[in-house]
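Taking it in order: structure first as structure tokens, then the write-up.
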Amino acid sequence: MSWAPTTSLYDVADAYLEILDGDEVSFMGEDVALIEREEVIRVRLADGSVEEREVTVQEVPHHGPLLPADALGLPLPLNISIRWTGFQARSVARAFYELEEAQTYDDFRGALDHYFTGGMHWLYADVNGEIGYASFTSVPVREVLDPEAPPITLLPGDGGYEWLPAEGGPDPFLTLSRDEVPWTQSAPDGFLLSANNDPVGQTDDNDPFNDPAYLSAIFDLGTRVYAPAEQLSAFVAQDGVSLEELGAVQLNTLSRPAERLLPFLFDAAARRPDLIDAQMAEALALLESWDFACGVDAVEPSLFHAWLAVLIRDMLGDEGGGLVGDLLLAELDARLVIVALKMVTHFLEVTAADLDQIQSGELPFPSATGDDYFDDRRTEVVETRDELLLQSLRRALDELAPIMADAGADPDALSTWRWGLWHTMQLVDPAEALVPEASSARLPKPGGLYTVDVADYVLAREGALSATLDVDNAPSNRFLFEMDPAGVRGLMALPGGFSEHPGEPHHNDLWPEYIAGEYRAVPFAPAEVEASAESVLSWAQGAVSPG
């Protein structure tokens, strides 16, 4: 049998805003003393030396450790504690041991009953043709799920938002049972998929709190699971898929956010041609002919991702009197964009049918507060949706031009603004300062935000487009296995290489192949491993001898 995990994003931690008075916090109408202990942390400095630093750790007994206020980088000092299921003295070692011993789906699922921390979506397949899914981990049961103070936000620390206590069991708090955490041993479509997405549609109705069991309010957008579902459905209809065809599924770089959002930009351009200059018209023509693939030689991904970053900033930055733009959107990373992109897409879609009546005042803006999210409330004039979309494109082109010029492109020729000039990736090893060649080469990276071949990055820094889109989230590996009873066959692509020693032949030798989307055969059976060996490590002698 085989298994493959992706992060589940189940909500297994809460952050509390504590009312602190000296060395006590207020809880349920009483003052509770903090727990304090001294710890020594060894810190390696830039010159390679090690410094020991003494720190005082403060812990709220009923919640968990207090985050150091001065480390949060917030304009106001806040006392925030973290409660996490992983603070329990538990181990997942047994889960992995039993996974290695498992022969059936029931064995597999039983092994995951011991996987208490770090929730994952686990897919299963075996040589008998069985496939399945399980995702058990310790998910706490909250005493209240309040949409006005949901557990994905900062909760009041003085009581009322606690985890229900357990009546016996290994944890002091109540957790969802194994059958309440999603699992299945059936696949009506002939396949199962996972990509950090919502596994059971709990967030489909925009209310994750009205289901029998609360799992989380934030998952991946679902764009990375959508494309493989379409491709695999076509393969099933065509009587199957080869291992090599599955490799192409993993390398899909189609941008679903672009496919979803660009029609609104094109509609705005058709409605307001007076706002379009020659360069904007060229950009729009390129985007209209784009197939949504984020290849390194294409220019359209550069135009779209720049416009997306500026659109989010322009549409939401004025909220809270500009505090949202100054605090939350100043550094716009992919995780924050998951929330912002949902909001932007939602209001573009729900206003599309009645846009003229909404903008004329005949109909209210369809937000809970009635606030018009297309208008920049920091200005005296009322901006329209079309103005927002097109002005964001104009600003994006202006900000992107000097970035492309610095990368070697012609700032006046959009056709030279290739994605790979801006969107790159490097395996950075902190030892680089002391050990040459520890880090990999920096190479252009295909893919983009929330593509199957994911390549996320920080969109904006200090309120402006990032000068370089350094990819900070990409597939940590690519493995493909055909569970053939006659012999398992596998393909793989690893970033970097098998050796951690800079200068050795296999330190980063697979890096260019990984970026290019190439695969190598996996020696799986003992005879295959022995035939492919370059050297053998003899543990008895502690030396490497020729194979």
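When you go through Asp70, Asp47 one by one, which is the residue that is assigned to a helix (DSSP H, G or I), of a type in the set (D, E, K, R) and loosely packed, with under 10 Cβ neighbours inside 10 Å?
Within the list Asp70, Asp47, the selection yields Asp70.
Quick check on segment 250-262. Is at least one of its residues free of Cβ contacts under 8 Å to residues at least 24 places away in the same chain and either closer than 26 Å to Met343 by Cβ or buried (at least 18 other Cβ atoms within 10 Å of the Cβ) (or both)?
No, that holds for no residue.
Restricting attention to segment 306-345, which residues are out of contact with any helix residue (DSSP H, G or I) (no Cβ under 8 Å at 6 or more places or on another chain), under 12 Å from Leu449 (Cα atoms) and not charged (D, E, K, R)?
Within segment 306-345, Ala334, Ile338 meet the criteria.
Is there a residue in segment 28-40 that is touching a residue at least 40 places away in the same chain (Cβ under 8 Å) and not assigned by TED's automatic domain parsing to the domain that holds Gly487?
yes
Residues checked against (1) in contact with a Ser or Thr (Cβ under 7 Å, 6 or more places away or on another chain); (2) polar (S, T, N, Q); (3) outside the structural domain of Val458 (by TED's automatic domain parsing); (4) under 30 Å from Leu72 (Cα atoms):
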site	(1), (2), (3), (4)
Leu262	no, no, no, no
Ala283	no, no, no, no
Glu288	no, no, no, no
Ala293	yes, no, no, no
Arg313	no, no, no, yes
Leu316	no, no, no, yes
Leu327	no, no, no, yes
Leu332	no, no, no, yes
Arg335	no, no, no, yes
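Does Thr85 count as in contact with a Lys or Arg (Cβ under 8 Å, 6 or more places away or on another chain) and farther than 30 Å from Gly190 by Cβ?
no
Results for (1) in the same structural domain as Pro495 (by TED's automatic domain parsing); (2) surrounded by 15 or more Cβ atoms within 10 Å (Cβ to Cβ); (3) acidic (Asp, Glu); (4) at pLDDT below 95, shown as yes or no for each residue.
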site	(1), (2), (3), (4)
Arg378	no, no, no, yes
Leu388	no, yes, no, no
Gln391	no, yes, no, no
Arg395	no, yes, no, no
Asp398	no, no, yes, no
Ile403	no, yes, no, no
Asp410	no, no, yes, no
His423	no, yes, no, no
Arg442	no, no, no, no
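Could you identify the single residue in Asp372, Asp326 that is surrounded by 13 or more Cβ atoms within 10 Å (Cβ to Cβ), out of contact with any Pro (no Cβ under 8 Å at 6 or more places or on another chain) and in a helix (DSSP H, G or I)?
Testing whether each residue is surrounded by 13 or more Cβ atoms within 10 Å (Cβ to Cβ), out of contact with any Pro (no Cβ under 8 Å at 6 or more places or on another chain) and in a helix (DSSP H, G or I) leaves just Asp326.
Do you know which of the residues in segment 2-14 that are surrounded by fewer than 19 Cβ atoms within 10 Å (Cβ to Cβ) and of a type in the set (A, V, I, L, M) is farthest from Asp484 (Cα to Cα)?
Among those residues, the one meeting the criterion is Ala13.
Just checking, which of Ser194, Ser216 is of a type outside the set (D, E, K, R), in contact with a Ser or Thr (Cβ under 6 Å, 6 or more places away or on another chain) and either in contact (Cβ under 8 Å) with a residue 24 or more places away in the chain or farther than 20 Å from Ala134 by Cα (or both)?
Of Ser194, Ser216, the one residue that is of a type outside the set (D, E, K, R), in contact with a Ser or Thr (Cβ under 6 Å, 6 or more places away or on another chain) and either in contact (Cβ under 8 Å) with a residue 24 or more places away in the chain or farther than 20 Å from Ala134 by Cα (or both) is Ser194.
Looking at segment 2-44 only, could you name the residues that are at negative phi and not in a strand (DSSP E or B)?
Listed by number, the residues that qualify are Ser8, Tyr10, Asp11, Val12, Glu18, Ile19, Asp23, Leu34.
Which residues, taken from segment 221-236, are assigned to a loop (DSSP other than H, G, I, E, B) and modelled with pLDDT of 90 or more?
Of everything in segment 221-236, nothing turns out to be assigned to a loop (DSSP other than H, G, I, E, B) and modelled with pLDDT of 90 or more.
The values are calculated or read from the model by the stated rules, or taken from the named source; none is laboratory data. As the structure is a computational prediction, the values presented were derived from the model and not from experiment. Positions of Cβ are generated from backbone atoms using ideal geometry, with glycine treated the same way; all protein chains shown enter the neighbour counts.
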